[in-house]
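Engineer: Below: one structure in structure tokens.
The values are calculated or read from the model by the stated rules, or taken from the named source; none is laboratory data. Source: prediction; values computed, not measured. Backbone-built Cβ (ideal geometry, glycine too); neighbour counts: all protein chains shown.
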Amino acid sequence: MKKITTLITILISNFIFSQTIDEKNKIIGEYNKDQIDLLLKKINTLNVNKAERIQNYFYLNPEQKKKYTKNSVTYIVYDIIDNEPVYISNSNRTSSLATKTNTLYPGGSLGLNLEGIGMNIGVWEIDYPLKNHVEFLDGSGNTRITNPDTTNPNPTVDFHATHVMGTVGAKGVNGGAKGMAPKSTLLAYNNINDQSETVLAHFNTGMLISNHSYGIPVLADDGSPNAPTWMMGCYNTEAQIWDQIAYDNPYYLKVTSGGNSGNSSYTGGFANGFDKLTSDKNAKNSLIIASASATVHPFLGNLTSLNRSTFSSQGPTDDGRIKPDITGRGENVFSTINGSTTSYGTSQGTSMSSPNVAGSLLLLQEHYNNLNSTYMKSSTLRALVCHTAMDDAETPTLVTGSVYPGPDPYWGWGFLNTEFAAETITDALNTNSVLDERTLSQGQTYSINVNVTGNQKLIATIAWTDPAGVAQDGQLNSTLPALVNDLDIRIEDSSNNIYYPWKLDINQLPNAIQGDNTVDNIEKIEIDTPTDGLYTITISHKGNLTNSSQDYALVITGSDLTLSTEEVSNNDFIVWPNPATDKINFKFNKPSKTEVKMFDMLGRSVYNSTID
């Protein structure tokens, strides 16, 4: 473990990424490195204990297989639980057009010319991609793929890893196989030690996003149970550790496939036909991806049909959180394969929808950095993509079957809309939308007034990277909320009507309702037909905040949106507007003399007075 601690110290100063030194220091400088060291030690202990369980089991059961492939799906043992092997599998079952990622490319309608150049993205798989495939070579004929976790020049390659990597970053030698971020730098790992490796990759390379297209299926290949019944929907230790990684590394986002157990049945779930997300898929701070079949017009490029994949694993979590988070294209995905350096093939699964999303999100980070000279925190990126996602109920003519307004356990918040997300980033710079990163302190509320005219929805979303919750390993259908810091968002109109965020109605799945959400760390309010006028959006919290404060992201969009005033309230002390340019107001209710000191963002004293 000492080696890992040393690595962190060394790698901070050798951050190789297309960011300025100031940008790198700005990100890493905010981190609690002692806390990260403790987390890595905890991960190492858990991995050692797991390895011992696996070794002991196979010593006593030599006839069992640690790794095997059946029907083109690879299975590898994950752990021994209740003296039974639990296996993970790769989630196997023209994406950029469907999710409108192509609008960000050179020649795209947004004029942004984004391709992920100089940006690092990590891909963890059971095996490795064929890194000398023509789609992964740069202009000099060198591969853009590195394998940081092995010194073997010829590691085991397979179809799945090569296909996933192509969906992320194939350069487009074959235009139909062009990846989401075609000029990105690609880091390929196997899934062993994935938790500690993501932390080190974040420090070592500036990796902001990683993709993980593997997980624990509900059933084994022969139809027998693979996972213990309590694991479905459970916030277990695996999910807890991933949440802690995200909390300690707030710019890092894990994107992971939701799984392909949608058609699997088992006894013991809390809702028939739902509750099929296993292990790390129940983490709060990761982005869990469902799959849809999306058909695009061959000439116009617009969606002509959009249907959820029946194989895509359904949520929600046992405590009623909205999972999966978002949906990408996961059927009939054409990409690179490992047959030869010029081979291509088609596959389907949440393994394919996850890299569709991960690569697209990398371009959003690139766009944000081009405008702001820094990168979004992961909570901001989650808020943005869930805020701008296309709800299936908004496109009923494209969908076969039932649609469900708001979030649901099939689609999450909807189908990825990279174009709308990029437009929101641009509009925020012009104050036509809000994309803010803020901190809510204990006892504080924050309010912002917006004027709305026009006929578009008024949408406001908050998201935050929540501290790790209490693990519920072994507990069947535990409803104990994993949420630690419970933030709230409300909108009030000029007639004093209060609007509430979406939440799932556990008693009437898959439907969502609007009300006080006490379990999710993403909250979203939609006013479909707002009347022209002033709306007040307020952020507050319940109870005591762990660590006395909580960073969060706020996204607001609407028709002809104009910002009015802001107000920050901390108990009896209120300051407005914030930020200010030339004048600031404050009021407080104190019975005696109070000394008021104010400082600018550089820490310089700008006001000091005693108020009677």
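Engineer: Within the stretch 430-461, which residues are over 20 Å from N544 (Cα atoms), loosely packed, with under 15 Cβ neighbours inside 10 Å and of a type in the set (V, I, T)?
Structural biologist: Listed by number, the residues that qualify are T431, T453.
Engineer: Yes or no: E63 assigned to a loop (DSSP other than H, G, I, E, B) and modelled with pLDDT of 85 or more?
Structural biologist: yes
Engineer: For the list (1) within 25 Å of V452 (Cβ to Cβ); (2) in contact with a strand residue (DSSP E or B) (Cβ under 8 Å, 6 or more places away or on another chain), I need the number of the one condition that L381 fails.
Structural biologist: In the conditions (1) within 25 Å of V452 (Cβ to Cβ); (2) in contact with a strand residue (DSSP E or B) (Cβ under 8 Å, 6 or more places away or on another chain), L381 misses (1) alone.
Engineer: Same structure again: Consider the stretch 330-351. How many of its residues are within 16 Å of the chain's Cα centre (by Cα) and not β-branched (V, I, T)?
Structural biologist: Matching residues across the stretch 330-351 total 1.
Engineer: Still on this structure, I have one more. From D408, D392, which residue is at pLDDT below 95 and touching a strand residue (DSSP E or B) at 6+ places or on another chain (Cβ under 8 Å)?
Structural biologist: D392
Engineer: Checking the structure you have, find out if any residue of the stretch 443-461 is more than 22 Å from S559 (Cα to Cα) and under 23 Å from the mean Cα position of the chain (by Cα).
Structural biologist: No.
Engineer: Okay, moving on. It is to be established whether one or more residues within the stretch 192-209 are under 22 Å from N32 (Cα atoms), modelled with pLDDT of 95 or more and touching a Leu at 6+ places or on another chain (Cβ under 6 Å).
Structural biologist: Within the stretch 192-209, one or more residues are under 22 Å from N32 (Cα atoms), modelled with pLDDT of 95 or more and touching a Leu at 6+ places or on another chain (Cβ under 6 Å).
Engineer: Criterion first (under 24 Å from K67 (Cβ atoms), at pLDDT 95 or above and assigned to a loop (DSSP other than H, G, I, E, B)) does K183 satisfy it?
Structural biologist: no
Engineer: Confirm whether R490 is under 23 Å from the mean Cα position of the chain (by Cα) and among the basic types (K, R).
Structural biologist: Spelling it out, it is not the case that R490 is under 23 Å from the mean Cα position of the chain (by Cα) and among the basic types (K, R).
Engineer: Moving on to the next point. Filter the stretch 500-544 down to the residues that are more than 26 Å from P409 (Cβ to Cβ) and in contact with a Gly (Cβ under 9 Å, 6 or more places away or on another chain) and list them by number.
Structural biologist: Those that are more than 26 Å from P409 (Cβ to Cβ) and in contact with a Gly (Cβ under 9 Å, 6 or more places away or on another chain): P530, D532, Y535, H541.
Engineer: With respect to T162, determine if the residue is on the phi < 0 side of the Ramachandran plot, at pLDDT 95 or above and either assigned to a helix (DSSP H, G or I) or crowded, with 17+ Cβ neighbours inside 10 Å (or both).
Structural biologist: The answer is yes for T162.
Engineer: When N485 is evaluated against the numbered criteria (1) within 19 Å of the chain's Cα centre (by Cα); (2) within 30 Å of N370 (Cα to Cα), which criterion, by number, is the only one it fails?
Structural biologist: Every condition holds for N485 apart from (2).
Engineer: Just wondering, is there one or more residues in the stretch 360-378 that are on the phi > 0 side of the Ramachandran plot and surrounded by fewer than 24 Cβ atoms within 10 Å (Cβ to Cβ)?
Structural biologist: Yes - at least one qualifying residue is present in the stretch 360-378.
Engineer: A further question on this structure: Among the numbered criteria (1) crowded, with 22+ Cβ neighbours inside 10 Å; (2) under 14 Å from D79 (Cβ atoms); (3) aromatic (F, W, Y), which single criterion is violated by Y235?
Structural biologist: Tallying (1) crowded, with 22+ Cβ neighbours inside 10 Å; (2) under 14 Å from D79 (Cβ atoms); (3) aromatic (F, W, Y), Y235 fails exactly one: (2).
Engineer: Out of G339, G320, G315, report the one residue that is at pLDDT 95 or above, at positive phi and in a loop (DSSP other than H, G, I, E, B).
Structural biologist: After ruling out the rest, the residue left standing is G320.
Engineer: Let me ask something else about it. So how many residues does the stretch 389-411 have that are within 17 Å of T461 (Cβ to Cβ) and in contact with a Ser or Thr (Cβ under 6 Å, 6 or more places away or on another chain)?
Structural biologist: Residues flagged as within 17 Å of T461 (Cβ to Cβ) and in contact with a Ser or Thr (Cβ under 6 Å, 6 or more places away or on another chain) within the stretch 389-411 amount to 1.
Engineer: Output the residues belonging to the stretch 424-466 that are in a strand (DSSP E or B) and among the hydroxyl-bearing types (S, T, Y).
Structural biologist: Correct list: T439, S441, T445, Y446, S447, T461.
Engineer: Residues in the stretch 249-256: is at least one buried (at least 23 other Cβ atoms within 10 Å of the Cβ) and over 17 Å from the mean Cα position of the chain (by Cα)?
Structural biologist: No, there is no match, as no residue in the stretch 249-256 is buried (at least 23 other Cβ atoms within 10 Å of the Cβ) and over 17 Å from the mean Cα position of the chain (by Cα).
Engineer: Next question, about the same structure. Checking P148 against (1) buried (at least 24 other Cβ atoms within 10 Å of the Cβ); (2) closer than 24 Å to L200 by Cα; (3) not aliphatic (A, V, I, L, M): exactly one of these is not met. Which one?
Structural biologist: (1)
Engineer: Could you grab me the full set of residues in the stretch 495-529 that are in contact with a strand residue (DSSP E or B) (Cβ under 6 Å, 6 or more places away or on another chain) and modelled with pLDDT under 95?
Structural biologist: D505, the sole residue that qualifies.
Engineer: Which one of these does I117 not meet: (1) crowded, with 22+ Cβ neighbours inside 10 Å; (2) closer than 12 Å to T185 by Cα?
Structural biologist: Here I117 clears every test but (1).
Engineer: Sticking with this structure for a sec: Quickly run through the stretch 247-288 and pick out the residues that are in a helix (DSSP H, G or I) and in contact with a helix residue (DSSP H, G or I) (Cβ under 6 Å, 6 or more places away or on another chain).
Structural biologist: Across the stretch 247-288, the qualifying residues are D248, S279, D280, N282.
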